[in-house]
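Worksheet: one structure, shown below.
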Amino acid sequence: MKNKQTIPISLALLTLLGIAVWVSAVGGDSPDAIRILRPLQGDSLIYDQGQLLLLSVAKDQGENLSVSTQWKMSRTYEIGPEGSRENFAKVFYRLFDPSTSLQSLFYTFKKFKGYTKPETLSFNFSDAMTIRKFWQDPGFTKLVKTIQTTDASEVMLELRGWKETQLVPLYDDPESDNRWLYKIHVQMILGENKLYFLIPGAKGTEFSYTATYLNESKPVESRSDQFHNSKLEASCGVCHEGLPSASDGKSMKADCAICHKGKINASVPHPPAEMKECTSCHSWSPEKKVVVVEKGIPTACFDCHEDKKDQVENSEFPHPVAGECLTCHSSHGTDAKHLVRTDVYALCTSCHEEQKLNHPVGRHPLRFAIMRNGEEISCVACHNPHGSKHQKLFKTASGTMDMCSECH
C-alpha cells in the first residue's frame, strides 16, 4: 500500500476560476458505488490548503480505494554548453515520480530581450500520461529539439499532474452496514483541483471531484458546506464527544485535529493551530449555529501581530488587500514561508497577471535566482506586501535606480 501523502509543490501560473463542484460516475455498472458526503456538491470553493473529504463506498465493490490528487512544481533549466542541451531529457525524467501522471507542462525560454511567449501541453486524466509515455509525445520531442538549437540561456518549466494513493477502509459507514466510510485528508494546490476516486477492479466506479482553492476567505457562517449542526455531524457525534452542536455550543471539548488535521498537516503550521488552541480564534455561535471567528479579520490577527497592524493602518501607501489577511495568508498552515498560501511569485501573480514575465524589465528574474542575502528573489525583494512610505510599495525610495542599486 502506498503512503497517503500529497507532494508539496511550487505552483504553476493559473487564473483562479470559480468552478462548480461536480461528482459523477463515468459509465459502468455501479453508479452508487462511491458517494461523496462532504464537501457538499453545491460548494466548489475552498479556502484552506488542507481539506477533509468523507466518502461512503459500497462494501461489495472491494476493500480498496484509489485516490488521485494533484501536484505542481516549477523548475528552471540552464541551457549552457552542448552537454547540458543533450542532458535535458534525462534531467526532465528525474523531475517527478514515474508513478505519477502529467496534466500539463507550461514552458517559456529566457532570451536576451526577455522571456518568449509561453507554450502549454495539456492532457486528461484518462490519458494516463506517465513520464515514460510523455517521452514519446510529439510535444516533448519538439521541446527537446528546441532546447538543442535555441539561443536562449534557460527554459522555465511549470508542471502539474496527479499522484495516486491506495487506501484501505478503517470505518463502517454509520448510516449503512453495507458501506465503508473513508476519511481522506487532502492537501490542495492553489487554483483548480481535479480529484479522482476509483475502486480497483470494479468497472464503472470512477468518480471525480473538482473544486477551486482560492487565495481569499469567506466567513464560515456564509459558506454552504456546513458540517457542524448537520445530520452528518449527528452521526459522528455518536462516537466523537464534545462536538460543538452536539452540546448546543456550550463547550468545544472535541479534538478538532481528528477531522481537521489536514489543515495543520503542512510544513509551516500556524502555531495556535499546531498547539490545538483552536478557541484562541474560534468560538461557537449559538445564534448562527456555526463555528465563527467572533472578532473577525483582521482584528483577530492584530491581537498577536501588532507590528503588522501599524504597517497596514498607518502606511502612506497601503496594499489594498493588506487588511484582508487571509487573501495572502492561511490561518492554519501552508507549505510556504510566513504562512502565505503558496510561493510568493504564484501568489502575487494570481492578481498581478501582467507581471508574470519580463518584470520590471526583460530577462529580470522574479524567482529562482539567489540574492546576496541567500534568499530566493521574489516580489517581496523589492515590494513590501503590507504597506510602504514609498510609491508602488517599494521598500526604498521610489526612484528606480535607488531600488536597482540595492542589488546592483
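Each value in this text was obtained by applying a stated rule to the coordinates, not by laboratory testing. Computed from a predicted structure; not experimentally measured. Here the Cβ is made from the backbone with ideal geometry for all residues, glycine too, and neighbour counts use every protein chain on show.
Quick notes on this one:
- According to the Kirkwood relation over distinct C-alpha pairs, the hydrodynamic radius of the stretch 267-408 is 17.1 Å.
- Rounded to the nearest 0.05, the FRET efficiency derived from the C-beta distance between residue 137 and residue 372 at R0 = 56 Å is 0.85.
- Long pairs among 263/356; 356/392; 72/194, criterion Cα-Cα beyond 19 Å: 263/356
- Under the Karplus curve 6.51 cos²θ - 1.76 cosθ + 1.60, θ = phi - 60°, whole-Hz ³J(HN,Hα) for the stretch 86-102, x wherever Gly or Pro sits: 6, 8, 4, 4, 5, 5, 4, 4, 8, 5, 8, 4, x, 7, 7, 10, 9
- Candidates per GluC sites (Glu not before Pro) in the stretch 164-261, loop by DSSP, up to 16 other Cβ within 10 Å: 175, 216, 241
- Zone of residue 338's modelled label, taken as backbone nitrogen in the stretch 363-385 under 20 Å from a point 7 Å along Cα→Cβ: 365-385
- When the helices of the chain are scored as -39500 (n - 2.57) per DSSP H run of n ≥ 4 and the total is divided over every residue, the value at 222 nm lands at -4000 deg cm²/dmol.
- Loop-located trypsin sites (Lys or Arg not before Pro) in the stretch 314-394, at most 11 other Cβ atoms within 10 Å (DSSP): 372
- Cα-based shape type of the stretch 165-238, given that a ≥ b ≥ c are square roots of the gyration tensor eigenvalues and the cut on a/c is 1.5: oblate
- For the stretch 275-364, GluC sites (Glu not before Pro) are listed when DSSP marks them as loop and at most 16 other Cβ atoms sit within 10 Å of their Cβ; the list is 277, 287, 294, 316, 324.
- In sequence order, the stretch 265-276 has phi-based couplings of 7, 10, 6, 10, x, 6, x, x, 5, 4, 7, 6 Hz under the Karplus curve 6.51 cos²θ - 1.76 cosθ + 1.60, θ = phi - 60°, and Gly or Pro positions carry x.
- Global size of the stretch 76-139: 13.4, 40 Å for Rg and Dmax (C-alpha atoms, Rg to one decimal, Dmax whole).
- log₁₀ of I(q)/I(0) at q = 0.07, 0.12 Å⁻¹ - the chain, Debye sum with one point per alpha carbon: -0.39, -1.08
- Modelled spin labels at residue 170 and residue 144, positioned 7 Å past Cα toward Cβ, are 4.3 nm from each other.
- Environment charge of residue 389, counting only residues whose C-beta is closer than 14 Å and scoring Lys/Arg +1, Asp/Glu -1: -2
- Longest to shortest principal axis, alpha-carbon extents of the stretch 118-246, angstrom: 67, 40, 19
- Taking 0.36 nm per residue of separation and subtracting the current Cα-Cα distance, fully stretching the chain between residue 91 and residue 223 would add 43.1 nm.
- If you take the alpha carbon atoms of the stretch 313-376 and fit the smallest convex hull around them, that volume is 133 Å³ per residue.
- Projecting the Cα atoms of 101, 161, 362 onto the charge dipole of the chain, computed from C-beta unit charges around the Cα centre, puts 362 farthest toward the positive end.
- Charge-dipole axis of the chain as Lys and Arg at +1 and Asp and Glu at -1 on Cβ define it, positive-most pick from 46, 211, 377: 377
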